[in-house]
Amino acid sequence: MTGPPGTPLRTVGYEELCVDVELAGLTQAHEHAIAHVGPAVSCRPDPPVDLGGMLGPEPDVPERFLASAVHPETWWTAPFQAPELYAASLREVLCFGGLPHGEHRTGHMLVVEDRFVVPDSYFERGPRRSLPADLVAGGDGAHAQELRLQVDSSDIATRPGLYYFAGAAWPHFGHFVLEGLARWWLLARLPESVRDELRFVLYNDSPLERWQLELLAGLGVEPERLVYVTEPTRFERMIVPAVAYHLHSAAASAQADTWERIGRAHDRGEGPARVYLSRSRLHRNRTLLDEAEVERRFQAAGFTVVHSQELSIAEQIAAVRHARLIAGSAGSAMYLSAFARRGARKLIVSPRHFTFRDDQLISYVRGETVAYVLCPQDAGLENPRAADYRVDLDVLDGALERWTTRVGTKA
């Protein structure tokens, strides 16, 4: 079915659209089908190890730190729901490319048979769930009868064959490692004969950066097999995996399998056992003041200082792959820990206003514990997340000694 602008759309769940099949038979299905790979799971992670005395209701820290103290009734100890894992096999899938920037105005949408808005059609980040404003009339889909496709789909040709929907390859390193790799968990679970014929559909309308291609190469994906949606495209058959990672909020254990495959692919057989990921050569915002002195403290404890932004992706992964202790500030560089061998312990020296759950989620799905030394920031700034911060060196020394000798940790 194709139609002119204004064609009615209907929101459906996979349980309404698809028949249930086993994963082994998914790619042979002659109708819309879904394979349920794993249920949603309630997770209650251990709280992070507090090495700076900043998490309790009565923190034992200097008076000047008290304004930044936080209570444990936050994400530190809150349970989360790991997402259900499924794989849908869909036919006649209309894909609109583009990545949302700010408001979701265009692109980033799937429509089946030009009339069904399926769950994976939506852009989701945190509580936000949206459809592109220029393609769909009717808002967020709360009133299905009001949805209208705002483009003429009758002239869009169908690309024959079987495709794998990989979603959005975000250009930012941290978002790519977490969200951009969130649909790749299924690939290793498909038969080798199927994997060899697949092409991979990305919302991106321009080629990926070299570093992104290096990461995907670790999954056995060659650049020529990537399909960029530069214009609305209809695909004859498409496998749509569930998202295994939700930014700041939840992760399925399958996500760790994807990271491990990439880590193994870039394993050089050796590397430093202790790594400090430094930001001292980055001059943007959220500067750790006196980081040169912080580096010296870590070096004295046997750590190799790594400036990851100066290395290739392969070199970055090799630098952390064999590390048993990984330290640094909260942010993208610490997400490299996802590619280390399992059992690596993390210490994060971080401002409270730039501390997200993602580091805990990475550690949780890998079966590890994360430790923190939280630092105060200038709370008077308009954007405290961007403020510079300073670690009390005496507190750091004590934390480093406890962490490296495993006192007070479970790892």
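Relative contact order for the chain: 17 percent, from Cα pairs under 8 Å spaced at least 6 residues apart, divided by residue count.
With the chain treated as a Gaussian network of Cα nodes joined by springs under 10 Å, which of Tyr164, Tyr372, Tyr389 yields the largest mean-square fluctuation? Judging by the Gaussian network model, the answer is Tyr389. Between Arg264 and Arg342, the modelled labels are 1.1 nm apart [label points 7 Å from Cα along Cα→Cβ].
Only helical runs count toward this figure. For the chain, summing -39,500 (n - 2.57) over DSSP H runs of n ≥ 4 and dividing by all residues gives -5000 deg cm²/dmol at 222 nm.
Among Ala244, Ala35, Ala78, the residue with the largest mean-square fluctuation in a Gaussian network model of the chain, with springs joining Cα atoms closer than 10 Å, is Ala78. When each of the peptides 263-272, 305-314, 174-183 is scored by the mean number of other C-beta atoms lying within 10 Å of its residues, the order from highest to lowest reads 174-183, 305-314, 263-272. Remark: the Ser42-Arg274 segment gains 80.2 nm on full extension, using 0.36 nm per residue and subtracting the alpha carbon distance. Looking at the range 235-325, the accessible area is 41 square angstrom per residue; that uses a 1.4 Å probe and ignores ligands, DNA and RNA. Report in % the part of the accessible area of the chain that belongs to carbon and sulfur, leaving out ligands and nucleic acids; probe 1.4 Å. Carbon and sulfur: 48 percent of the exposed surface of the chain. Computed from the C-beta positions of Ala24 and Ala217, the FRET efficiency with R₀ = 25 Å rounds to 0.40.
Rounded to the nearest 0.05, the FRET efficiency derived from the C-beta distance between Val194 and Ala157 at R0 = 22 Å is 0.35. Enumerate the residues in the range 224-249 having an amide nitrogen under 14 Å from the point lying 7 Å beyond the Cα of Glu124 toward its Cβ. Only 241-249 pass the distance filter.
Pair-distance distribution P(r) for the range 269-411, from all Cα-Cα distances in 10 Å bins starting at 0: 12, 44, 37, 7, 0 percent.
Count Lys and Arg as plus one, Asp and Glu as minus one, and take only other residues whose Cβ is under 13 Å from that of His283; the net charge is then +2. Straightening the chain between Gln81 and Glu113 buys 8.4 nm, computed as 0.36 nm per residue apart minus the Cα-Cα spacing.
For Cα extents along the principal axes in Å, the value computed from the atomic coordinates appears in the list [x] 61, 49, 43; [y] 67, 59, 39; [z] 69, 47, 37 under label [z].
Against the empirical curve 2.2 N^0.38 Å, the C-alpha radius of gyration of the range 129-221 lands at a ratio of 1.34. Residue-wise HN-Hα couplings along the range 176-191, as the Karplus relation 6.51 cos²θ - 1.76 cosθ + 1.60 with θ = phi - 60° gives them from phi, are 5, 4, 8, 8, x, 9, 6, 9, 8, 4, 6, 3, 5, 8, 8, x Hz; Gly and Pro carry x.
The values are calculated or read from the model by the stated rules, or taken from the named source; none is laboratory data. A quick note: this is a predicted structure, and the numbers were derived from the prediction, not measured. Methodologically, a virtual Cβ is constructed for each residue, glycine included, from the backbone with ideal geometry; neighbour enumeration extends over all protein chains shown. These area figures cover heavy atoms from the full protein model, side chains too; ligands, DNA and RNA do not enter into them. Shrake-Rupley method; radii C 1.70, N 1.55, O 1.52, S 1.80 Å.
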